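Chemist: There's a structure below that I have some questions on.
Any read-out appearing in this document is the output of simple, stated calculations on the displayed coordinates, not a laboratory observation. Predicted model, so just to flag it, every value in this text is computed and none were measured. Heads up, the Cβs are rebuilt from the backbone with ideal geometry, glycines too, and the neighbour counts pull from every protein chain shown.
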Amino acid sequence: MALSKQQWIFIFFVVLAGAVITVAPLPVYAATPTQRTFRVEASQFAYSPAILKVNPGDTVTIELVSKDVVHGLYVDEYGTSVTADPGQTARLTFTASKPGSFRFRCNVTCGAMHPFMIGKIQVGSNTWLWRASGLTVLAALAILIFQNLIPKTRGT
Amino acid sequence: MRSELTRFPFVKSLLKNRWPQFLVWFVMLAGFLFAILSGFFGTPVGNRNFGIVFVWIAWWAVLILVAVPFFGRGWCSVCPIPLPGEWLQRGAILNPPGKKPHWLNLRWPNKLRNIWMQNMTFTLVALFSSVILTIPKVTSIVLAAMFFLAIGMSIVFERRAFCRYICPVGGFIGLYAQAAPVELRVKDKQICLGCKDKPCYNGSEAGYGCPWDVFPGGLTKNTYCGLCMECLRTCPYDNIAIHIRPFAADLEKPSGRMDEAFKAFIMLGAAMIYAGVLLGPWGKLKLAAYSVGSLSWFGYAAVFLAFIFGLLPVLFLGAVSIGKVLTKSSLTLKKAFPAFATSLVPLGLMFWVAFSLSFVLTNATYIFSSLSDPLGWGWNLFGTADLTWQPYFSALLLPLQTLVLVGGLLWTARTAQKVGVKVNISAVPVILFTTIATLMMLGLLL
């Protein structure tokens, strides 16, 4: 099915809108960077607390306490990690320089569900989720409008 | 808009010849049996055991990221599980078929000629998946059970009854094969109508009758064709072709079957639940899913079943009903519901791709370490046994998942619109349903 000129123009504007949603700068909640310390308890196969929220630029210290076996904590994209022996506290300090939502996960084999021992650290707002949600709504609206640009044919 | 692959003599002879397929089968069967053995005799540490790593990370990655989206039932054409049973049934491995059927050769019961059993087996595996995915011995028991069940069914029933009606994997591969850009079809249906012996279905000196119990002349979608290539070998009129075609060509013809509709809900719902339970930060959910037999597990199982068989279909039914009211359609819900469920195929597939990207890229390191030390016995065959774990391409993961999910929504919404035109019912509420489902999946993964 060849697309009409009107449809091509529509697609162009949808792609343009998608590009804007993807890369447009979002308002930044400016907070003075501070020192944040979290005591995170690790036990098979969960972290507690499992969701940490900090502001961009904060210096984050995670005190990892293992309650049973040896556990690790690796922060995705930051590539930094720490390992805690049972009953011991290990410290990991890093600057939350990248905004967004990142998984942290156990990087020391700790039992059957080890690959799924996961927590989340949110640096500022989860901008990628907002952008992805915007793209989703745009996609749904675009497809609904696109339908109206197709000449009507009778259903079978 | 189709291009025939089998018009190239090299491709055709490669597919018709039994040896290339047999060699792949041989390697797959060896790997499969080794995976079973490694579960029983290797380390109990899942991410160090060949069975877990190669089945649930390597094979799963190939299956869901490559094989199903691009080759449909391509995996079924080389799957090792039905082989020994089929060889027993035929009394031959590569020899030309014998005249007499071996063993009982019973017809599969008419009442069970649907994919409800596959829906049940997949749901059963999914309910226990936290244990199956992580404990090598349990993986081996499940694989061995499938293996011996396939053998047993080949002895009792004709053709590949296990693949067609029981295999928990085959059910969803069939569903998503409709989206693949590859198909096996006849070139000219008139030739099939004039063919008296139907060797493609009944077998001949050149090959076996369709192991999938399909008459190729009647094929209109990929769901039940296992791409075994027997009909390519038996057709005396050279009337079978493998085509490259547009993605999702089968979805132009909405399904009218409730079993297929529920397969779509099972897959969509399971992907969402896995994304929350396995990849989310909620430890209590993981523990509930893992503690099989405990009160918390029963709670998890109840929510799992209620979500898949209750909430999702009921909301979807509501969406279809609203669409029906909007267009004042006289089509019954019994027909409209499965027809619109067809449109969930691309979304479900993309949900699984997005889920698997995260799971596979995070755990791919284990493939290399397991290659060197498949049984966890301290070997270091290729020098990669002690490779430090690290996730791959984690910076690309979120953009990739977003692309896949938004693309899936576009694909599914467009399919819903086409279904809507066919059944003369507004697709807007269904598109709203799929948009909300996509937003939920984004929330779970990002």
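Chemist: For helix A:5-23, what angle does its Cα long axis make with the longest principal axis of chain A, in degrees from 0 to 90 and rounded to 10?
Modeler: 20
Chemist: Check each of the chymotrypsin sites (Phe, Trp or Tyr not before Pro) in region B:356-426 and keep only those in coil by DSSP with at most 14 other C-beta atoms within 10 angstrom; list them in order. Spell out each step's value before the answer.
Modeler: Numbers: sites: B:PHE359, B:TYR366, B:PHE368, B:TRP377, B:TRP379, B:PHE382, B:TRP389, B:TYR392, B:PHE393, B:TRP411; in loops: B:TRP377, B:TRP379, B:PHE382, B:TRP389, B:TYR392, B:PHE393.
Answer by residue number: B:TRP377, B:TRP379, B:PHE382, B:TYR392, B:PHE393.
Chemist: Give the distance, in whole Å, between the Cα centre of region A:105-150 and the Cα centre of region B:200-243.
Modeler: 42
Chemist: Give, as ranges by residue number, the residues of region A:1-21 whose backbone N falls under 19 Å from the point 7 Å along Cα→Cβ of B:PHE247.
Modeler: Correct set: A:1-3, A:11-12, A:14-16, A:18-19.
Chemist: Per residue of region B:220-236, what does 6.51 cos²θ - 1.76 cosθ + 1.60 with θ = phi - 60° give for ³J(HN,Hα)? Whole Hz please, x for Gly and Pro, Karplus curve as stated.
Modeler: 10, 8, 7, 3, 10, 9, x, 6, 7, 6, 4, 5, 5, 7, 8, 4, x
Chemist: Here is a further query. Among DSSP beta bridges lying fully in the protein assembly as shown, give the percent that are antiparallel, nearest 5.
Modeler: Restricted to the protein assembly as shown, the bridges split so that about 70 percent are antiparallel.
Chemist: Right, something else. Per residue of the protein assembly as shown, what 222 nm ellipticity follows from adding -39500 (n - 2.57) for every DSSP H run with n ≥ 4, rounded to the nearest 500?
Modeler: Numbers: 22 runs with 288 residues, N = 602.
About -15000 deg cm²/dmol.
Chemist: In addition: Using a 10 angstrom cutoff on alpha carbons, build the Gaussian network for chain B and name the most mobile of B:ASP373, B:ASP259, B:ASP386.
Modeler: B:ASP386
Chemist: Let me ask something else. What nm value, rounded to one decimal, do you get for the distance between A:TRP130 and A:SER4 when each label is placed 7 Å out toward the C-beta?
Modeler: 3.8
Chemist: Hey, can you list the DSSP H helices of chain B whose Cα span along the axis is 27 Å or longer and whose average Kyte-Doolittle score is at least 0.0?
Modeler: Taking the DSSP H segments of chain B (at least 27 Å long, mean hydropathy at least 0.0), we get B:18-41, B:136-156, B:258-277, B:344-363, B:394-423.
Chemist: Computed FRET efficiency, Cβ-Cβ of A:ALA19 and B:LYS189, R0 35 Å: what is it to the nearest 0.05?
Modeler: FRET efficiency, A:ALA19 to B:LYS189: 0.15.
Chemist: Continuing with this model, one more query. Compute the long axis of helix A:127-148 from its Cα atoms, compare it with the longest principal axis of the Cα atoms of chain A, and write down the angle in degrees, 0 to 90, nearest 10.
Modeler: 20
Chemist: Explain nothing, just the number: relative contact order of chain A, from Cα pairs under 8 Å at least 6 residues apart, as a whole percent.
Modeler: Working: 279 pairs, mean separation 35.1, N = 156.
Relative CO of chain A lands at 23 percent.
Chemist: Between beta-carbons, use under 13 Å as the cut-off and find the net charge around B:MET120, counting Lys and Arg +1, Asp and Glu -1.
Modeler: Charge balance in the 13 Å sphere: 0.
Chemist: Also, I was wondering about something else. In this model, which of B:LYS100/B:LYS263; B:LYS196/B:LYS263; B:LYS12/B:LYS196; B:LYS111/B:LYS253; B:LYS111/B:LYS328; B:LYS198/B:LYS221 are farther than 29 Å apart at the alpha-carbon?
Modeler: On the way: B:LYS100/B:LYS263 36 Å; B:LYS196/B:LYS263 36 Å; B:LYS12/B:LYS196 24 Å; B:LYS111/B:LYS253 24 Å; B:LYS111/B:LYS328 35 Å; B:LYS198/B:LYS221 20 Å.
Violating the 29 Å limit, Cα to Cα: B:LYS100/B:LYS263; B:LYS196/B:LYS263; B:LYS111/B:LYS328.
Chemist: Just give me a number: lysine pairs in region A:23-156, eight or more positions apart or cross-chain, with C-alpha atoms less than 26 Å apart.
Modeler: 5
Chemist: Please work out the FRET efficiency for the pair B:MET1 and B:ALA145, using the Cβ-Cβ distance as r and a Förster radius of 41 Å; give the result to the nearest 0.05.
Modeler: 0.45
Chemist: Report the trypsin sites (Lys or Arg not before Pro) located in region B:328-398 that are in a DSSP loop and have at most 10 other Cβ atoms inside 10 Å of their Cβ, or state none.
Modeler: For trypsin sites (Lys or Arg not before Pro) across region B:328-398 that sit outside H, G, I, E and B with at most 10 neighbouring Cβ atoms in 10 Å, the list reads B:LYS328.
Chemist: List the relative contact order of region B:251-445 as a percent without decimals, with contacts defined as Cα pairs under 8 Å and 6+ residues apart. Each step should come with its number before you reach the end.
Modeler: Working: 239 pairs, mean separation 59.0, N = 195.
Across region B:251-445, relative contact order equals 30 percent.
Chemist: Give or take rounding to whole Å, what are the principal axis extents of the alpha carbon atoms in the protein assembly as shown, in descending order?
Modeler: So the three principal-axis extents are 83, 63, 47 Å.
Chemist: So between B:SER296 and B:LEU88, what do we pick up on full extension, going 0.36 nm a residue minus the alpha carbon distance?
Modeler: 70.5 nm
Chemist: Once the Cβ-Cβ distance between A:ALA30 and A:PHE94 is put in as r, and R0 is 22 Å, what FRET efficiency do you end up with, to the nearest 0.05?
Modeler: 0.60
Chemist: Considering only C-alpha atoms, what is the centroid distance from region A:17-91 to region B:302-324, in Å?
Modeler: Region A:17-91 and region B:302-324 have Cα centres separated by 37 Å.
Chemist: Tell me the relative contact order for chain B as a rounded percent, counting alpha carbon contacts under 8 Å between residues six or more apart.
Modeler: 19
Chemist: OK, next. Under a plain spin-label model, where a point goes 7 Å from the Cα along Cα-to-Cβ, how far apart in nm are B:LEU432 and B:TRP377?
Modeler: 6.2
Chemist: Which net charge results when you count Lys and Arg as +1 and Asp and Glu as -1 among the other residues whose beta-carbon is under 15 Å from that of B:VAL78?
Modeler: +1
Chemist: Specify the longest stretch of chain A that does not include any exposed loop site, a site being one of the trypsin sites (Lys or Arg not before Pro) with a non-H, G, I, E, B DSSP assignment and at most 15 other Cβ atoms within 10 Å. Can you show the working numbers first?
Modeler: Values: sites that count: A:LYS67, A:LYS152, A:ARG154.
That would be A:68-151.
Chemist: Can you tell me the dipole magnitude for region B:3-177 around its Cα centre, using point charges on the Cβ only (Lys, Arg +1; Asp, Glu -1), in Debye to the nearest 20?
Modeler: 560
Chemist: Report the local net charge at B:SER296: Lys and Arg +1, Asp and Glu -1, summed over other residues whose C-beta lies under 12 Å from its C-beta.
Modeler: +2
Chemist: Treating only the Cβ atoms of Lys and Arg (+1) and Asp and Glu (-1) as charged, compute the dipole magnitude of chain B about its Cα centre; round to the nearest 20 debye. List each step's numbers first, then the result.
Modeler: On the way: 37 positive and 16 negative charges, 259 e Å.
In debye, rounded to 20, chain B gives about 1240.
Chemist: Okay, next question. Need one number: nm distance between label points at B:LYS334 and A:VAL70, each 7 Å from Cα along Cα→Cβ, rounded to one decimal.
Modeler: Distance between the two pseudo-spin positions: 6.3 nm.
Chemist: Further question on the same structure: Counting only other chains, and only Cβ atoms inside 10 Å, what mean value do you get across the residues of B:278-291? Kindly include the intermediate steps, with their values, before the conclusion.
Modeler: Details: counts 4, 5, 7, 14, 6, 13, 3, 2, 7, 5, 0, 2, 6, 0.
The shielding value for this peptide is 5.
Chemist: Under the 0.36 nm per residue contour assumption, what length would be gained going from the current alpha-carbon distance of B:TYR237 and B:VAL325 to full extension?
Modeler: Using 0.36 nm per residue and subtracting the Cα-Cα distance, I get 26.7 nm.
Chemist: Would you kindly state how much longer the chain becomes between B:TRP282 and B:ALA395 on full extension, computed as 0.36 nm times their sequence separation minus their alpha carbon distance, in nm to one decimal?
Modeler: Numbers: separation 113, 0.36 × 113 = 40.68 nm, distance 2.27 nm.
Working it through step by step, the gained length comes to 38.4 nm.
Chemist: For region A:60-156, build the charge dipole from Cβ charges (+1 Lys, Arg; -1 Asp, Glu) around the Cα centre, then report which of A:VAL75, A:ALA132, A:PHE116 sits farthest towards its positive end.
Modeler: A:ALA132
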